[in-house]
1. To the nearest 0.05, what FRET efficiency results for A:Leu16 and A:Lys183 with a Förster distance of 41 Å applied to their C-beta separation?
2. Can you work out the PRE-style zone for B:Ser212? Point 7 Å along Cα to Cβ, and I want the residues of the stretch B:77-106 with backbone N under 15 Å.
3. Just subtract the alpha-carbon distance of B:His108 and B:Asp46 from 0.36 nm times their residue separation and send over the number in nm, one decimal.
4. Quick one: what are the phi-derived ³J(HN,Hα) couplings along the stretch A:76-91, Karplus 6.51/-1.76/1.60 with θ = phi - 60°, whole Hz, x for glycine and proline?
5. Is the stretch A:122-262 rounded, prolate or oblate when judged by the Cα gyration tensor, a ≥ b ≥ c being the square roots of its eigenvalues, rounded requiring a/c under 1.5 and prolate requiring a/b larger than b/c?
6. Arranged from highest to lowest average of other beta-carbon atoms within 10 Å per residue, in what order do the peptides A:78-90, B:313-325 appear?
7. Per the Kirkwood definition applied to all pairs of different Cα atoms, how many angstroms is the hydrodynamic radius of the stretch A:165-246?
8. Starting from the amide H of B:Thr205, placed 1.01 Å from N in the peptide plane, find each other amide H under 5 Å away whose residue is 5 or more places distant or on another chain.
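Each value in this text was obtained by applying a stated rule to the coordinates, not by laboratory testing. On a predicted model such as this, the values are computed, not experimentally measured, just so you know. With ideal geometry, Cβ positions are generated from the backbone for all residues, glycine too; neighbour counts draw on all protein chains shown.
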Amino acid sequence: MLNSKFGILTVSIALLLAIFILSLIACILTHTSPHILLTSIASQEIGFAIKLSLFTSAISTLLCIAVSIPASYSLARYNFFGKTLLSTILDLPLALPPLVAGVGLLLLFGTTSFGAWLSDFGLKFVFTPLGIIIAQFAVNISFMLRIMRSTFEGISPRYENVAQTLGCTPMQAFLQTTLPMSKNGLMAGGIITWSKGIGEFGAALMVAGATRMKTETLPISLYLNMSCGDLDLAMAAAVILIIISFVSLYIFERRGGVTRLY
Amino acid sequence: MPFGSEIDHIHSPLIKMESVIQMIRIENISKDLGEFKLDDATLQIDEGEYFIILGPTGAGKTILIETIAGIYRPDGGRVFLNGADVTNILPKDRQISMVYQDYMLFPHLTVAGNVGFGLRQKKVGRSEIKAKVDEIADLLGVSHLLRRYPGTLSGGEKQRIAIARAVVTEPKVLLLDEPLSALDSRTTERLRAELARIHKLTGTTTIHVTHSFEEAFALGDRIAVMCGGRIIQVGTPDEVFRRPNSKFIADFVGVENLFRGSSVVHDDISEVRIDDISVVSSTVKSGDVSVSIRPEDILISKREIETSARNSFSGEITEVKDMGGIVRVVVDVGIPFVVALTKRSYEDMELAPGTRVCIVFKASATHVF
C-alpha cells in the first residue's frame, strides 16, 4: 500500500494539514486557563451572547427547515418551465460572500419601501436581533435546500403513489411517507444549518451591527472583545464556538452520508 | 334516467345490455413522460376479471396502470371506473390499490403499520383495523411478521405484505406492477399460485403487468399486449398465444404448443389432462397447470412408432408453414400441436395437409409450469 515515494508524500501532506488544524485549536485552548474560562463564561456579557446565539440560530434553523422542505421538494419531484434557472438562483448564496449578502439585506430592509412597510408592522431588521436571524437564514438556506433536495431525490416517489392509492391526499402522502423517511437528512441538514448559524458573522454584522449586549452573538462578542483587547472574554467565546462545532460535526457524521455534498 | 347517461348510450355502441359489469374502461388515453409514453390506449376490463398487460420493458405498461390509479393525469382521453368518469379524480377516491415490483413497503412502519395504513387513512376504528390486519395477514401467511420492520424481510415476504396492504382496504381494482419479477423462481411460482388463490377468494378485478409470458398464460383471463406505448392485441391467452396478430407478438411471445390443463401426480410423473387428451411430464406439479412442448422436441411419422417416449398421439395435419429450411406442421390430435422438422425430411416423408400422422415426444420434453 504505502510503499511508493508518492504515497508517502501524499500522506505526509495530509498529516501536516492535520497538525496545522490542531495547532490552531490548541492555541486558543491554551491561551486561557480553566479558571479564567469559567469566570468569563459566567460573565453577564458572554451569558447574553450564548443566549442570543442559541436563540437566533434556533429560529433561523427552524425557518430554513420550514422553507426548504417545500422548496426542495418541488425541485426534487417536479419538472417545470425555468426549473434550471430557479435552481441556480437558489444556489447563489453558496457562492455569495456573507458580507455581500449582508449589504444586500441592509439595503433591502433599510432603504426600500418594502423594508419600510415591514417596519410599520413592527418587523424591524436593521440593527436588531431580528436582523441576525434573517442574516443567518439568507446565508444558510441554500445548504439546507441542497441537503433536503438530495434527500428527497433519494426516496422513490412510488412510496407516495402507494400512499395515495391507500387513501392519502398528495400532501398527506408526503407527510406520512417521504417526510418521516427523510429523518436523517433533516437531522443532518438541521445540525449543519444550526452550527453555521451560530458561527455566522459577516452578514449579521452588516444587518444587525455589533452592539454590545444588544446584537452581540458569540462571533460578534469574539470580534468586539478582540478589538478592545479583552482577551479572556474573546477566548471564552472562541472556546464555546469550538465546542459547538465539534458536537455538531460529531452528530452530523453519525447521521451519515450527507457530508458528500460538500 | 339522467340525461348524461342517455347520451352515453347513443355514442357508445360498445355498451350492450350484458350481465357482466364493466369495471374499467379507458378511452384513447395518451400520456408522454419523455422516457416512457402511452399512445391512444383503449381498453375495457370486466368486473372480476384477472387481466394481464404483457409487454417488453419500456412498453408503457407501468404508466398505463399508474394512469388508471390516478397518479398521472392523462394528456388526452378518459378513464371510467364502474361507469363513472374518474379522469380528474384523486387516487385516494378511486378505490384502486397498487402493488409495485419493488414492494414500496414504508420502512419507518412495522409490518402491521404497513398493512393497516390504508384503513387508518379511512379512519377505521383501532380494533377493527387490528382484526382486519390479522385476518389478511393470516390469509397471506405473514402473521408471524407483523411486529417486524420491512428492512429485515426477504423479497417473498415483502411482496406478500405489499399484497396484504393493497387488498385489506377491499379495493374495487387491484393493480400489480410486475409483482413477481424481483423474486427467485421458487418464490415466484409459490406467489403466483397465491395470487390466483386470492383472486378466486376475493373476486377483485385485477390488472397484472408483466413481461413474462408464463405468468400471463398461467393467470390471465384476458391479455393485452403492449409495445411502444400502444396496445397492439387484446384477447384470451389462447387467442394471443396461438393467433398473434403481428410479427412482434409472435416473436415476443415466442412459444408454441402452450396449453392449460389439470395435472395429477403419481409415481413421480405428472399426468396432465388437456381437453380430451392426456400428456405425461417428468416435471412434478399438480393442480391447474400450463404445459409447453418445443416444436423441435416432437417426432413425427406416418406409421405408429415403437418408442420409450411416454407421449404418443395420432391425428391429421391441418396446416403446413414453410419457414425456409424448417417446416412447421400443425397436427390436430384433439388439440393442435406444432411440429418442427427440416424441409428435407418433410419432403422425404411426403407429408401434406390432410395426411394422417403419429406424433411422439418424451415426458422430459414436456415443460409443466
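1. Working: r = 39 Å, r/R0 = 0.94.
It comes to 0.60.
2. B:100-103
3. Values: separation 62, 0.36 × 62 = 22.32 nm, distance 3.70 nm.
Contour length minus Cα-Cα distance gives 18.6 nm.
4. 6, 9, 10, 10, 8, 5, x, 5, 4, 4, 4, 5, 5, 4, 5, 7
5. Numbers: a/c = 3.85, a/b = 2.10, b/c = 1.83.
Note, shape of the stretch A:122-262 comes out prolate.
6. Working: A:78-90: 10.5, B:313-325: 12.7.
Sorting A:78-90, B:313-325 by mean packing, highest first, produces B:313-325, A:78-90.
7. Details: mean 1/r = 0.0648 Å⁻¹.
One over the average 1/r among Cα pairs gives 15.4 Å for the stretch A:165-246.
8. B:Gly48, B:Leu174
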